[in-house]
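The values are calculated or read from the model by the stated rules, or taken from the named source; none is laboratory data. Keep in mind that this is a model prediction, so the values were computed, not measured. Note: ideal-geometry Cβ built from the backbone for every residue, glycine included; neighbour counts use all protein chains shown.
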Amino acid sequence: MGEIIGQGERMATKILSQFFPEIKTQVELKKLLTPAFQEEMGERALKETIDIVAYRPKPLAIRIQDDRHKTKAFTIVDNRQRWELEASGVDVVDVWKSDCPRLFEEKKIIDATDELKRVLRNYL
């Protein structure tokens, strides 16, 4: 696993390991994209990582999104990432702070688990 850097990621990783046999954190975006997208990546995109990836028949990119991701700059990057990932055969789920407040508090694992299950219901 890579370094966990964002709020909520530590608990999310712990919870998700109960549902998916193989997960990794801070996965380089490039590693999830098709060669065509990799060739087109700019300098900024080469530095981007996906918070958590669950490896299953179809990889699942789980992005832990705090309020910064509601800004225009982050929204543009997040939308591009989603489009490239989905076009590369990767499912994408955004876990928003507003949908999973207990997860971001990193307390009450039972409540945080219920929140994550609700967000990921189509992938469990």
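Some observations on this one:
- Members of the range 92-124 that are part of a loop (DSSP other than H, G, I, E, B), on the phi < 0 side of the Ramachandran plot and among the basic types (Lys, Arg): 97, 107, 121
- The set of residues in the range 1-22 being aliphatic (A, V, I, L, M) and assigned to a helix (DSSP H, G or I) consists of 11, 12, 15, 16.
- Pairs with Cβ under 6 Å, 6+ apart, first in the range 102-124 and touching a residue at least 24 places away in the same chain (Cβ under 8 Å), second not hydrophobic (A, V, I, L, M, F, W, C): 103/8; 103/115; 104/7; 104/8; 104/97; 112/102; 119/99
- Members of the range 10-69 found to be within 15 Å of residue 117 (Cα to Cα), surrounded by fewer than 17 Cβ atoms within 10 Å (Cβ to Cβ) and among the polar types (S, T, N, Q), listed by number: 17, 18
- Of everything in the range 82-91 that is aliphatic (A, V, I, L, M) and part of a helix (DSSP H, G or I), the residue that is farthest from the chain's Cα centre (by Cα) is 87.
- Tally, over the range 23-37, of residues that are part of a helix (DSSP H, G or I) and either within 19 Å of the chain's Cα centre (by Cα) or of a type in the set (Phe, Trp, Tyr) (or both): 5
- Here residue 89 clears all of (1) on the phi < 0 side of the Ramachandran plot; (2) modelled with pLDDT of 90 or more except the condition numbered (1).
- Each residue in the range 26-47 was checked for being under 23 Å from residue 120 (Cα atoms) and touching a Lys or Arg at 6+ places or on another chain (Cβ under 9 Å), and 2 of them qualify.
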